[in-house]
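Report on one structure; see the data block that follows.
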Amino acid sequence: MTEHVSLLLGRLGPDALPFYSWVAFSGALVTLAGGVGFLAVVTWLGQWRALWTGWLTSVDHKRIGIMYIVLALVMLVRGFVDAIMMRLQQALSYNSDGYLPPEHFEQIFSSHGTIMIFFMAMPFMTGLLNYIIPLQIGARDVAFPVLNAISFWLTAAGAGLMLISLVIGRFSTAGWTGYPPYSGVEFTPGVGVDYWIWSIMVSGVGTTMTGINFVVTILRKRAPGMLLMRMPMFTWTGLCSSILIIFAFPALTVATGMLALDRTLGMHFFTNDAGGNMMNYMNLFWIWGHPEVYILILPAFGIFSEVVATFSSKRLFGYPSLVYATAVIAILSFTVWLHHFFTMGASANVNAVFGIATMVIAVPTGVKVFDWLFTMFRGRIRFEPPMLYTIGFMCLFVIGGMSGVLLAIPPINYSTHNTTFLVAHFHNMVIPGVLFGYLAGYMYWFPKAFGFHLDPTWGARSFWFWLIGFLLAFMPLYLLGLMGMPRRMETYGNAEWQPLLIVAFIGACLILMGIVCLVIQLWVSIKYRRALRDTTGDPWDGRTLEWSMPSPPPEWNFDAVPVVTTRDAFHEAKYSGTPMKSVPQPGTLHVPRNSVVGPCMGFGGFCVGFGAVWFIWWLALAGLAVAVGALIGRAFVQNTEREVAPDLGAKTT
Amino acid sequence: MTGPIADAVDALMWQAFGLMLVIVVPVIALTLFIAWRYRASGGSGTHQPDWDHSRAVEITVWGIPVLMIAILATWVWEKTHALDPYKVLPGAKPLQIEAIALDWKWLFIYPELNIGTVNELAFPVGQPVTFRITSEVAMNSFMIPALGGQIYAMAGMETKLNLQANETGTMQGRNMQFSGDGFAGQTFEALSMSQDDFEAWVSKVQDSDTPLDHATFAEVRKPSVDAPVRYFSTVPPDFFSKRVAHFMGMEHEMMHGTKAANE
Ligand code: HEM
Ligand SMILES: [Cu+2]
């Protein structure tokens, strides 16, 4: 069963094109049209130069942050299309094949999960960290601006691999977890799993460097007086998240790397025979995987903390508690990975210990919810869209927490594991928790980034659609799970499941409306940006340093770096009438020049991945050469900085 | 349809759910209430913008979750041991059944009765059953949802599950772990029957004209979707253990040798 591998094109041949199903073919066309359309529009507007110098080669953390978020929003749409297709399939496929062949359905749940976690949630989070954290700590940039650009471009390269798998070849059918032995060549030959491996490996390297970058930035680049216990909550959660990235992502890189060795070089780490053991993969994967969910949700907690204090016009309640709770969650997140496979047959002692360890995390999490509640208590609450998302989160998240604790009880887990109860649980965490948090952050900080507000009416509409859509789409899955419905079902013969699955489909349609509202909101706000303009730089009566500068902030962030004397220093200064002191500034500042290293590394990383997927080894080597060459070349660049002279005279407040 | 495990899990679930509702419902209600009462546009609450600390509140907000988790933790410890899937259920001597996951069906072997089936499982009501489980293919997960409990099936490894049905009837059992194209249809019927019916069923299987020899197994092992029920009159001794051992180390070397010779 040896494939034909040519020197020039590896195993790439005409059968790589998606003619196997009309649905996949249309998807490929839409993807292509999207790509070509984008290129056409940029050309038509004659904006190539502006795009290249203003964005693609920029190493400004704010620009990079925005590019991350654009990437995330595009991938959110793609991931959602996958989701609603699955919902439609299951609404139809009682005793029938539905409209998707099994192979295609399997690619869809795998790509949905992979996209949502790696290419929607991670870039969204990284984008927010990028934009906000340097501003919150009073820094002019991140510690390693060029490394930051490289991280972005590697993430984009991973996303590119993910997208191109729809057009050339197929995607994995092994789920977002890629468990062997199923994901080994014996059961899934072809390029699907390789696409999965290389897209997350390439982007994972970028993510690891992001983690390093932000730990160093936060520890080393704070304004004078910004002690750790004066840092805003979002910065704290960003710090913990970045530390988790540094410790967790290597496990993923190793696990997927070993899987790649099994698949490509015929090794036997995780195969059924020759001494391979797939249990090792599951341990490695979840040693990354559980911290990963906290990597995603801690920054969302940070956003909720900022939003709840700002829109309650009140100091954050229990700040030290929140800080300790965050740190405790971060540490404990490494101690619970086994709860993802209680059904593997470990002894009762082992399962009980991990079950209890898991529940312990509910303690600091519960504390956080109470602290937000007490922040609202005796506040003066404004229901702007970010606050709506926060309140929605608080009400829904506790439900997800409850199902999480149930799943952590091993005997209950034995009968709910692998069912839609689990699917409902984690969506209950990632939608109201992670996604609502990021959307709240997006609407909260948008005026800072662009100098005008997002339309609040459409924002509120999007919230209600997401909220109700979420409830309809996922509450039925709890019930279905208790009825024994497994996840990843392409078709089923159980009549009693269908009505609930139809409700879930309607829920997904409402979520679609929520996404449409987000698009309209952006459109309307750009159209009426004059009326929505923010001239103050502080549109929400904010508390933290990012609100002390004009919107959008200058490239160098702070005309003069402030001296911090207390928590919420900006808010204190605003109300006490004594402006913040600042560090004496030299007349001119240095900002990093643009660099092509990022795009080169991204391009190289993409070629390495694509080459390795298709066994086009010359391409993989060439990609590696480009990436390494770019790095070496960078070392010879002398003039890495540019002088700017902030106009200190024109400074406001 | 119930069994002692399913019943105990149900009870535990309600108990834990109830305990948590005691906190979760007030939290949701309070969130909505506070949001309403302290709304900027016409709310009636006082505004205390600098109130950010209270020792009493801190102790309560750490104390309540600690207390709740402490209670839950004792239940976890106790119930995880009580409902350990490896623990043989009390009562009569358990019926031994061996389950082998194939693509995409289940092969069941009754070692004491020396019979086998594909995609049909029968056992006497009220008698404990001990399953030994393995896989010939990708990882599967064995479950009969109505009876509770679930355990992975992995090649070269053996896992165990103990179950029992309290009523007669037909249940659906299945693989819960996605394992490829035929996964959705990888179900089997689990029949809980009276002792007499069970004995009749056993004779029926014994009367089938196919033994599970190597040729039949090779044929059964081929991937197939929605495979029909089959009965095997006899099964070679130690069949299950040999299949488990098959995937472990040594044998592979030998296989490689013969493969190489054939190529
Ligand atoms: C926007 C609304 C969403 C809908 C309607 C939706 C729907 C679904 C559906 C139908 C499945 C398959 C369930 C099954 O296997 O039976 C699924 C799986 C999954 N979803 Fe979502 N989802 C949504 C958002 C998200 C988000 C925001 C994330 C993560 C940040 C996410 C992560 C996942 C993951 C990891 C899986 C598991 C994939 C696998 O089985 O390998 N989803 N989702
Ligand atoms: Cu976990």
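Since every read-out is calculated from the coordinates, none of them should be taken as a lab result. From a predicted model like this one, the values you see are computed outputs, not experimental measurements. Cβ: placed from backbone, ideal geometry, glycine included. Neighbour counts: every protein chain shown.
Worth a mention:
- Take every DSSP beta bridge whose two residues both sit in the range B:95-253; close to 70 percent of them are antiparallel.
- For the peptides A:77-89, A:15-27, A:142-154, residues were scored by their other Cβ atoms within 10 Å and the scores averaged per peptide; the highest-first order is A:142-154, A:77-89, A:15-27.
- Averaged over B:69-82, number of beta-carbon atoms from partner chains that fall within 10 Å: 6
- Two-site FRET efficiency, residue A:457 against residue A:29, from Cβ-Cβ distance with R₀ of 22 Å, rounded to 0.05: 0.05
- Label-to-label distance for residue B:229 and residue A:622 is 6.1 nm, based on points extended 7 Å past Cα in the beta-carbon direction.
- Sequence-ordered 3J(HN,Hα) estimates for the range B:171-183 from the Karplus curve with 6.51, -1.76 and 1.60 and θ = phi - 60° stand at 10, 9, x, 6, 7, 9, 9, 3, 9, x, 4, x, 4 Hz, glycine and proline given as x.
- Relative contact order computed over chain A (Cα-Cα under 8 Å; 6+ residues apart), in percent: 18
- Mean projection of the Cα convex hull over all viewing directions, computed for chain B: 22.4 nm².
- Counting every other Cβ atom within 10 Å of each residue's Cβ, A:567, B:39, A:530 order from fewest to most as A:530, B:39, A:567.
- Inter-part distance where the range A:332-395 and the range A:402-481 are each reduced to a Cα centre, Å: 14
- Highest-first packing order for the peptide set A:613-619, A:91-97, A:370-376 is A:370-376, A:613-619, A:91-97, based on the mean count of other beta carbon atoms within 10 Å.
- Label point at residue B:222 placed 7 Å out along Cα→Cβ; residues across the range B:143-187 whose backbone nitrogen lies under 17 Å: B:182
- 3J(HN,Hα) couplings calculated from phi for the range B:40-45 with the Karplus curve 6.51 cos²θ - 1.76 cosθ + 1.60 (θ = phi - 60°) are, in sequence order, 5, 8, x, x, 9, x Hz; Gly and Pro show x.
- Toward the positive end of the charge dipole of chain B, with +1 on the Cβ of Lys and Arg and -1 on the Cβ of Asp and Glu, the farthest Cα among B:26, B:45, B:142 is that of B:45.
- Distance between modelled label sites at residue B:203 and residue A:40, nm, 7 Å Cα→Cβ extension: 7.7
- Using only side-chain charges placed at the Cβ, +1 for Lys and Arg and -1 for Asp and Glu, the dipole size of the range A:509-645 relative to its Cα centre rounds to 260 debye.
- The range B:47-123 versus the range A:15-81: alpha-carbon centroid distance in Å: 45
- Neighbour counting of Cβ atoms within 10 Å sorts the residues B:231, A:442, A:528, A:492, fewest neighbours leading, into A:528, B:231, A:492, A:442.
- Largest-first principal axis extents, alpha carbons of the protein assembly as shown, Å: 100, 68, 42
- Amide H contacts of residue B:135 (H built 1.01 Å from N, in plane; Pro and chain starts excluded): B:101, B:154, B:155, B:156, B:157 sit under 5 Å, all sequence-distant by 5 or more or on other chains.
- In the protein assembly as shown, a dipole from Cβ-located charges (positive for Lys and Arg, negative for Asp and Glu) runs towards its positive end, and of A:414, A:104, A:463 it is A:463 whose Cα lies farthest in that direction.
- Exposure proxy ranking, count of Cβ atoms within 10 Å, fewest first, for B:242, A:574, B:160: B:242, B:160, A:574
- Here the 3J(HN,Hα) profile of the range A:368-379, calculated from phi with Karplus coefficients 6.51, -1.76 and 1.60 at θ = phi - 60°, is 4, 4, 4, 5, 5, 4, 6, 5, 5, 4, 6, x Hz, Gly and Pro shown as x.
- Residue mean of other protein chain beta carbons inside 10 Å, B:57-66: 6
- Each of residue A:639 and residue A:483 was given a label point 7 Å from its Cα along the Cα-to-Cβ line. The distance between the two points is 7.0 nm.
- Annotation for the range A:530-589 versus the range B:171-193: alpha-carbon center distance of 62 Å.
- Förster radius 56 Å - calculated FRET efficiency between residue B:96 and residue B:17 (Cβ-Cβ, nearest 0.05): 0.95
- Each Lys and Arg Cβ is given +1 and each Asp and Glu Cβ -1; about its Cα centre, the protein assembly as shown then shows a dipole of about 3740 debye.
- When only the Cβ of Lys, Arg, Asp and Glu is charged (+1, +1, -1, -1), the dipole of the range B:95-253 relative to its Cα centre reaches about 340 debye.
- The protein assembly as shown - share of DSSP beta bridges that are antiparallel (%, nearest 5): 75
- Contact order normalised by residue count of the range B:95-253, Cα under 8 Å, 6+ apart, percent: 29
- Between A:137, A:565, A:542, the Cα set farthest toward the positive side of the dipole of chain A (charges on each charged residue's Cβ, about the Cα centre) is that of A:565.
- Rh by Kirkwood over Cα pairs, then Stokes-Einstein D for the range A:240-313 at 1.002 mPa s and 20 °C, µm²/s: 150
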